[in-house]
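Where a number appears in this text, it was derived from the coordinates with a stated rule and is not lab data. Treat the numbers as computed from the prediction; the structure is a model and nothing was measured. Cβ sites come from the backbone with ideal geometry, for glycine too, and all protein chains shown count toward neighbours.
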Amino acid sequence: MKQLPRTHTWGTRLLLSCALVALVHATEPSAMTQKELKAMDTAADETAIRKIIQDEVTDWNRGDAAAYSRQFATDGTFTNIRGQFFTGHEAFLKQHEVIFRGIFKNTTSQQDVVSLKFISPDVAIVETLTAVSGMPAPPPGTAADSKGRLRTRLLQVVTRRGSEWKIVAYHNVDVKPGIPVPEPM
């Protein structure tokens with residue numbers, strides 16, 4: 001068997017090593033591709049969360065407590081504008097059935113997202129500025145603005161559960177008279 005010169009063997013090994021490194025790097029995603037994928041995931045998640053907010057507005061305006069409560073987690077917590085605290089989907093649903101038959105019957109709501117922040121890939125905090133109009137009088141302990149609307153700041157924590165986003169905390173506070181807030185968009 002004929003032996004190859006050492007320089008030829010060294011060159012062949014170098015060539016094969018370079019080819020192997022190139023092949024490995026060609027099959028693994030680059031950092032830029034991973035960033036692009038993460039951005040796409042975040043954009044899709046943000047869209048899904050914003051849809052929850054839009055559905056809340058639509059369902060409130062129809063006075064549909066079951067639909068309004070659809071995205072609320074079974075173990076979620078809820079603080080209403082009067083400071084009452086409730087736990088669980090059933091309690092959230094019941095309270096909205098009561099208010100849609102009572103003080104908020106035939107009202108309209110608008111929510112403008114003030115902030116939407118992901119604190120992890122599966123948890124986001126959404127703050128909205130809300131305007132509810134069409135009520136005969138504001139709920140006890142609250143005040144209407146100069147246009148007769150109840151203005152609130154609603155903070156919701158949403159988590160990914162399986163393939164869905166669910167509201168796990170819902171904290172609604174009324175904006176007190178004299179506190180400036182922007183007009184709804």
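Worth pointing out:
- Proxy reagent accessibility, fewest Cβ within 10 Å first, across His171, His96: His171, His96
- Backbone phi angles across the stretch 164-175, fed through the Karplus curve with coefficients 6.51, -1.76 and 1.60 (θ = phi - 60°), yield HN-Hα couplings of 10, 9, 10, 7, 10, 8, 9, 10, 10, 10, 7, 7 Hz in residue order; Gly and Pro are listed as x.
- Cα shape, the stretch 41-81, gyration tensor, a/c 1.5 rule: oblate
- The stretch 85-158: C-alpha gyration tensor shape, a/c 1.5 cut-off, then a/b vs b/c: oblate
- The stretch 32-174: projected area of the alpha-carbon convex hull, averaged over directions, in nm²: 8.7 nm²
- Residues Asp122, Asp45, sorted so that the one with the fewest Cβ neighbours within 10 Å comes first: Asp122, Asp45
- Sorted peptide list for 98-105, 56-63, 128-135, 81-88, criterion being average Cβ within 10 angstrom, highest first: 128-135, 56-63, 98-105, 81-88
- Residues whose amide H lies under 5 Å from that of Val114, counting only those 5 or more places away or on a different chain, are Glu127, Thr128, Leu129; hydrogens are built 1.01 Å from N in the peptide plane.
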